[in-house]
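All remarks here apply to the structure that follows.
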Amino acid sequence: MRPARALIDLQALRHNYQLAREVSGARALAVIKADAYGHGAVRCAQALEADADGFAVACIEEALELRAAGIRAPVLLLEGFFEADELSLIVEQDLWCVVHSLWQLEAIEQATLRKPITVWLKLDSGMHRVGLHPADYQAAYQRLLASGKVAKIVLMSHFARADELDSNSASEQVAVFEAARQGLSAQVSLRNSPAVLGWPQVPSDWVRPGIMLYGATPFEEANAVAARLQPVMTLESKVISVRELPAGEPVGYGARFITPKPMRLGVVAMGYADGYPRQAPTGTPVLVAGQRSQLLGRVSMDMLCIDLTDVPQAGLGSTVELWGKNILASDIAMAADTIPYQIFCNLRRVPRLYSEV
């Protein structure tokens, strides 16, 4: 059996969730959209459900998967509904729903619902992706209340640059939000992972931890709270071939690496078809046989090459950590000019093995 696998530490997941609640002093929706960022939404929800205040997913398909698995905790649809006929399912499955557009508000007003729903009313405070215009926000809130179709409203927005701790953007968005919600009596949700970790002054009755749940920092620079996160996923494989090459020999597609001296190389069963970033360059760190080493040459679909020259204890069958508790996913992402969100979400073909330790 091919040795590539992703080890998922559910205890680390619970630790990170509790950290989000501890440092925010707020209730927390665990964001498990996109199959829990590649970690497995159902298993992650099952691990968190006893303690979680609720979950957040992108769409109703993701929510229905959780309900089918027996998850009864609140589930918020972050993109709301895409068609008005989804409202009956939202009621039936007892889901919470973001409203970010006037057409969604109108659909709720016109719907015949068996019972009122919980709505998270989203303001566009400056990201300009989705959300109601500030000029429409108060009226939308009042229309939802007047409709008789809504049991509770939570006021929300989303930051565009909270991961940039030296930027004024988050403070500017908070000011827009505060002006738009003036006089409205409702709970508030503003803080995503970077805001939980780096913006303690931002008001939030509810926080929405995403990437931090999985133990990766959203920041490029060091952050004291992010340093307390525990990596949840360890992506590992094994050396399946060893090569002794003289100086001047090319390695991999395109001969992007030429051996500068006699070298010992290991071939690892891991490639971009598994989700390892193809753009990761020579020098990207790996851990082999317990010692740090580096990637050599281009990543192939199913294999990559690493340097064993100074790791004499490594050989055929040696375990290689591509990212995890020793090689941080954020470091791999930085080397590959991407973000840990993407490398987690790109995981595929690799079996996930779950543990509590």
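The values are calculated or read from the model by the stated rules, or taken from the named source; none is laboratory data. Only a predicted model underlies this, so the values are computations on that prediction, with no experimental measurement involved. So basically every Cβ, Gly included, is an ideal-geometry build from the backbone, and we count neighbours across all protein chains shown.
Looking across Leu184, Leu165, one residue alone is touching a helix residue (DSSP H, G or I) at 6+ places or on another chain (Cβ under 9 Å) and either of a type in the set (Ser, Thr, Tyr) or modelled with pLDDT of 95 or more (or both). It is Leu184. Whether a residue is touching a Lys or Arg at 6+ places or on another chain (Cβ under 8 Å), closer than 21 Å to Gln93 by Cβ and among the polar types (S, T, N, Q) was assessed, and Thr112 does not pass this test.
Only residues that are crowded, with 17+ Cβ neighbours inside 10 Å and part of a helix (DSSP H, G or I) were counted across the range 148-175, and they come to 3.
Cβ-Cβ distances below 6 Å connect the following pairs, each with a first residue in the range 40-54 that is closer than 17 Å to Glu22 by Cα, a second residue that is surrounded by fewer than 22 Cβ atoms within 10 Å (Cβ to Cβ) and among the basic types (Lys, Arg), and a separation of six or more residues or different chains: Asp53/Arg27. The single residue among Ala329, Ala280 that is crowded, with 17+ Cβ neighbours inside 10 Å, more than 28 Å from Glu249 (Cα to Cα) and of a type in the set (Gly, Ala, Ser) turns out to be Ala329. All of (1) under 16 Å from the mean Cα position of the chain (by Cα); (2) without any contact (Cβ under 8 Å) to a residue 40 or more places away in the chain; (3) crowded, with 22+ Cβ neighbours inside 10 Å hold for Leu66 with one exception: (1). Just a yes or no: is a residue in the range 255-265 modelled with pLDDT of 95 or more, aromatic (Phe, Trp, Tyr) and under 24 Å from Val42 (Cβ atoms)? The answer is no; no qualifying residue exists.
Listed by first and then second residue, the pairs with beta-carbon distance under 9 Å, at least 6 apart or on different chains, first residue in the range 238-253 and closer than 24 Å to Arg5 by Cβ, second of a type in the set (S, T, N, Q) and surrounded by 13 or more Cβ atoms within 10 Å (Cβ to Cβ), are Lys238/Ser318; Lys238/Thr319; Val239/Ser318; Val239/Thr319; Gly252/Ser300. Checking each residue in the range 188-243 for being among the basic types (Lys, Arg) and either buried (at least 17 other Cβ atoms within 10 Å of the Cβ) or outside the structural domain of Tyr272 (by TED's automatic domain parsing) (or both) picks out Arg191, Arg208, Arg228, Lys238. For the range 122-136, filtered to residues that are outside any loop (DSSP other than H, G, I, E, B) and over 21 Å from the mean Cα position of the chain (by Cα), the residue that is surrounded by the fewest Cβ atoms within 10 Å (Cβ to Cβ) is Ala135.
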